Amino acid sequence: MAFIIANWKMNPQKASEAKALFEAVSSAAKRLNNIEVAVCPPFCFLPFLKPKKNILTGGQDLFWELQGAYTGEISGKMLKDLECDYVIIGHSERRLNAGETNEIINAKLQAALKSDLKPILCVGEKQGEELGPVIAGQLEAGLKNISKNQLRDIAIAYEPIWAISSGLGTGNPCKPDEALSAALFIRKILTNLYGRYLAEKIKIAYGGSVDASNVGSYLQNNQIGGLLVGGASLDADEFRKLLEKVNDLQI
Ligand code: PGA
């Protein structure tokens, strides 16, 4: 079953718009049996968006401490209490805009797991960077002290920063064979860290300028089982088409 993470980023601007978009996504998703969708809205909309059958919710971030005097932060337990199943950790926009290091990301992964959330760990290189050392460094430091048992609950999202449609990216999509070789490289690093048996079971998603027209090309291999979708998840019609196409692939 393919999993699709909708990263709404800092959109939309009103709760009424968030509710309408979530309703549209829910009614499209409930007719489909081969997908699981996790909508990750801004925190303030979570109380209005109740998870349903195959449409779940997640946070776009969380804080590394579990509670206390941390002005402006959100804990994993708060997300759990709002019925979130997932949390995105280490998105490139947080690494670059909020200065998140691999050590911070590792602490956030630990906090998410303690809060019973499933983390989606984002990794990816900037334009002009060599993929290998960047991804290996992000995985090795990001997963420090994460046990084999904990790894089972973590999904990895490969998001080449240059391929993101807005913000820090160029909007040039990553070619499907480049995404596939990055996924194989991620599995190689996971194999070095945890052994082949477990490395092959970990879910890997691709993200960066995914839309209804190109979605199939990223999933036509047995390495990438999910997608992290930004811009296209804000357009109800585009996202419905994307979900239907993924569902038809019968992954
Ligand atoms: P995009 O964003 O789909 O708009 O490229 C993906 C992401 O940044 O998660």
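The values are calculated or read from the model by the stated rules, or taken from the named source; none is laboratory data. Since we're looking at a predicted model, the values are computed, not measured. Please note: Cβ atoms are built from the backbone with ideal geometry, for glycine as well, and neighbour counts cover all protein chains shown. The accessibility values were calculated without ligands, DNA or RNA, using every heavy atom of the protein model including side chains. Shrake-Rupley method; radii C 1.70, N 1.55, O 1.52, S 1.80 Å.
For the reader, a short list of remarks on this structure follows.
- Part-to-part distance (alpha-carbon centres) for the range 73-116 and the range 1-39, which is given in Å: 20
- Global geometry of the range 207-251, whether rounded, prolate or oblate, following the gyration tensor of its Cα atoms and the 1.5 cut on a/c: oblate
- Neighbour cut-off at most 15 other Cβ (10 Å), DSSP loop, trypsin sites (Lys or Arg not before Pro), the range 12-71: 14, 30, 31, 53
- Remark: relative contact order (the chain) = 21 percent; criterion is Cα-Cα distance under 8 angstrom and separation of 6 or more residues.
- Cα gyration tensor, the range 2-250 - rounded (a/c under 1.5), prolate or oblate: rounded
- Heavy-atom surface of the range 26-139, accessible at 1.4 Å and reported per residue (Å²): 44
- Comparing 209, 217, 115 in a Gaussian network model of the chain (Cα springs below 10 Å), the most mobile by mean-square fluctuation is 217.
- Rough spin-label spacing in nm, given labels placed 7 Å along Cα→Cβ, for residue 81 and residue 9: 3.0
- Fraction of accessible area attributable to carbon and sulfur, the chain (%, probe 1.4 Å): 50
- In the chain, taking the dipole from charged Cβ atoms about the Cα centre, the farthest positive-side position among 21, 11, 112 is held by 112.
- Helix-only mean residue ellipticity at 222 nm for the chain, each DSSP H run of n ≥ 4 adding -39500 (n - 2.57), per residue, nearest 500: -11000 deg cm²/dmol
- Ordered from highest to lowest accessible area with the whole protein assembly present and a 1.4 Å probe, 78, 1 read as 1, 78.
- Total formal charge among the other residues, if their Cβ is under 14 angstrom from that of residue 196, Lys/Arg +1 and Asp/Glu -1: +3
- Helix runs (DSSP H) in the chain reaching 15 Å along axis by Cα, Kyte-Doolittle at least 0.5: 15-29, 131-142
- Length-normalised contact order of the range 145-204 in % [C-alpha pairs under 8 Å, at least 6 apart]: 37
- Net +/- balance of residues flanking residue 48 in space, Cβ distance below 13 Å, scoring K and R +1, D and E -1: 0
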